[in-house]
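Remarks on the structure that follows.
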Amino acid sequence: MDGPPRINIAVDGFSSCGKSTLAKQLAHQLGYTYIDSGAMYRAVALFVIENGLVHEGRLEREALLARLDDIRIHFEHDPDSGRSITLLNGRNVERQIRGMEVSRYVTLVSPVPEVRAKLVKLQQHMGEGRGVVMDGRDIGTVVFPDADVKLYMTARPEVRARRRFRELKARGVEVDYASVLENIERRDEDDTKRAADPLIKAPDAIEIDNSDLTEQEQFALAMEAVEKVLAGGVKRT
């Protein structure tokens, strides 16, 4: 007997607005695969750092393009933490890619069309079997334009900066609030104004401003949208 239909869910939005938290909750609730597309761009940024492809704050673009085929990214389930971990060329880099240094370099690599094309292709392949929840900035518009549910997350910049600041401090990262806020505002600028696949709300996306919502309230809104699609049957194939 066939089980319930499996759908793909796209969660887009600004930096540090709770996309990953919500996407993980949805994936856990539905028994789906969670894919953190942002971790893939962070892994590329880490590769750039480790291979000296940035000089005086400028990306050595041609050198990066020449090395694109050397970058292999995939995800595995970590039985110890119960979470998905990011592997760069077979190495667990989950901790390294979450630091502020990588955050600064992400804004250099994410606008590069060739990088985006490579990662979008990988992401689309991951979603072919359906039953995927993926978060990022262009999932509902570029990666999965036919996603059954599209959510667009936003929150006030100062709220996101406070959340990110607390998260970094909890990990033992020495950072000040002003630099976190500056990084978020710069990433907003880059995400929304870059030429290649900018962050925009898909016409059929449901917007959730979680500036003043709890995680539970946010999750309830998202699940309501998912359950409505599941109850009505999946029309996309």
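No value in this document is a laboratory result; all are computed from the given coordinates. Keep in mind that what you see is a predicted model, and the values were worked out from it rather than measured. Because the Cβ atoms are built from the backbone with ideal geometry, glycine has one as well, and the counts that use them run over all protein chains shown.
For residue 166 and residue 220 in the same chain, what is the full-extension length gain: residue separation times 0.36 nm, less their Cα-Cα distance, in nm?
Full-extension gain reported as 17.0 nm.
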Compute the helix-to-body angle for 157-170: its Cα long axis versus the longest principal axis of the chain, expressed 0 to 90° and rounded to tens. 70
According to the square roots a ≥ b ≥ c of the eigenvalues of the Cα gyration tensor, what is the shape class of the range 63-196, taking rounded for a/c under 1.5, prolate for a/b larger than b/c otherwise, and oblate for the remainder? rounded
Flagged as over-length at 26 Å C-alpha distance, from 118/193; 121/193; 118/169; 24/228; 19/118, the pairs are 118/169
Gain on full stretching of the segment that runs from residue 213 to residue 192 - 0.36 nm per residue minus C-alpha separation: 5.2 nm
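Provide the packing ranking of 18-30, 193-205, i.e. peptides ordered by the mean count of other C-beta atoms within 10 Å per residue, highest first.
18-30, 193-205
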Ignoring GluC sites (Glu not before Pro) that are buried or in helix or strand per DSSP, and keeping those with at most 13 other beta carbon atoms within 10 Å, what is the longest stretch of the chain between them? 57-127
Residue order, fewest to most surrounding Cβ atoms within 10 angstrom, among 40, 223: 223, 40
In the neighborhood of residue 87, defined by Cβ-to-Cβ distances under 11 Å, what is the net charge if each Lys or Arg adds +1 and each Asp or Glu adds -1? -1
With n ≥ 4 as the cut-off for DSSP H runs, can you work out [θ] at 222 nm for the chain, using -39500 (n - 2.57) per run divided by the number of residues, rounded to the nearest 500? -14000 deg cm²/dmol
Percent of beta bridges antiparallel (DSSP, the range 8-230, rounded to nearest 5): 35
What angle, in degrees between 0 and 90 and rounded to the nearest 10, separates the Cα long axis of helix 215-232 from the longest principal axis of the Cα atoms of the chain? 50
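How would you rank 208, 49, going from fewest to most other Cβ atoms within 10 Å of each one's own Cβ?
Ordered by Cβ neighbours within 10 Å, fewest first: 49, 208.
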